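What follows is a set of notes on a single structure, which appears directly below.
The values are calculated or read from the model by the stated rules, or taken from the named source; none is laboratory data. Note that this is a predicted model, so its numbers are computed, not measured. Positions of Cβ are backbone-derived with ideal geometry, glycine not excepted, and every protein chain shown enters the neighbour counts.
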Amino acid sequence: MKKKRANDQQEAEKALVGAMAAEMVETDMAIGLGTGSTVRHFAQALGQRIRMGLRVRVICTSRQSEMLAKQNDIPTTDFDRARSLDLCVDGADEVSLNFDMIKGGGGALLYEKIVAAASNRRIYMADATKLVGKLGEFPLPVEICRFGHQNVLSHLAKLAQQCALRQRDGDPVITDAGNYIADCQFGEIDRPAELHRQLCDIPGVVETGLFCGMIDTLITIRNGKPVVLTSPGEVFWGS
Ligand SMILES: O=C[C@H](O)[C@H](O)[C@H](O)COP(=O)(O)O
């Protein structure tokens, strides 16, 4: 019962931050559409605005985000045709006090990072459960090449406390880019940018779920209401 209440509250918070992010979209923007359950709320709210006349086009970061666009009548465009994007809107698995993030719980981290890097402004949405002092409780997703993956896993295992190939129904999960995901526990991550570089130095590591210095705007929840934060200085996790 308690768990259901907590889940309901989290879902309600996702809806609040998603609706607020949709209000920040301006007409004629090219937008990177992230992936995940928070983005689902954003897509629903954006779809409503589109039906009322807002003109936008989105670049999707996963098959799931393509589906969300379709379900909500959001026009999509080809990434290579759009080149630079006005805005990127996405969720997060963890956001630290200094605005670093872990992403990739849904396996979309590679395309999400490419799209975020091509965007002039990045909005991330995080319900209160995602806010942490330091990153590291959520296992860090690392996208790795399928070729030689056992070898890559053994390199990762030397750095991580625990490391496991992500599986579904007994088979390795394959990302939209055709790679595998290793979920790695590092304990509290003191220097995420440094860890990211260390991991990327392993041949076969394609990308990590550490998103450092990428938040321009964070929409989160304070005292039950959505708030818009634009720098780590404004952050006070807690009510
Ligand atoms: O690969 C998935 C993405 O990084 C998501 O943005 C992240 O996992 C957050 O998802 P949700 O909004 O479902 O918690």
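Annotations for the structure displayed:
- Across the stretch 119-149, the number of residues qualifying as within 12 Å of the ligand (Cβ to nearest atom) and within 27 Å of P203 (Cα to Cα) comes to 5.
- Remark: pairs (first residue in the stretch 154-168, assigned by TED's automatic domain parsing to the domain that holds P192; second residue loosely packed, with under 12 Cβ neighbours inside 10 Å and assigned to a loop (DSSP other than H, G, I, E, B); Cβ separation under 8 Å; 6+ apart in sequence or on different chains) = Q161/G187.
- Filter result (crowded, with 22+ Cβ neighbours inside 10 Å and more than 13 Å from the ligand (Cβ to nearest atom)) within the stretch 52-68: V58, I59
- Criterion: within 29 Å of Y180 (Cα to Cα), more than 15 Å from the ligand (Cβ to nearest atom) and acidic (D, E) - qualifying residue of D90, D73, D80: D80
- Residue identified as touching a Lys or Arg at 6+ places or on another chain (Cβ under 9 Å) and of a type in the set (A, V, I, L, M) among I219, I202, I174: I174
- Qualifying positions in the stretch 35-51 - among the aliphatic types (A, V, I, L, M) and either closer than 22 Å to E94 by Cα or surrounded by fewer than 24 Cβ atoms within 10 Å (Cβ to Cβ) (or both): V39, A43, A45, I50
- Residues located in the stretch 197-217, provided they are within 15 Å of the ligand (Cβ to nearest atom), outside any loop (DSSP other than H, G, I, E, B) and of a type outside the set (V, I, T): E207, L210, F211
- Hey, L165 aliphatic (A, V, I, L, M), within 20 Å of the chain's Cα centre (by Cα) and surrounded by 13 or more Cβ atoms within 10 Å (Cβ to Cβ) or not: yes
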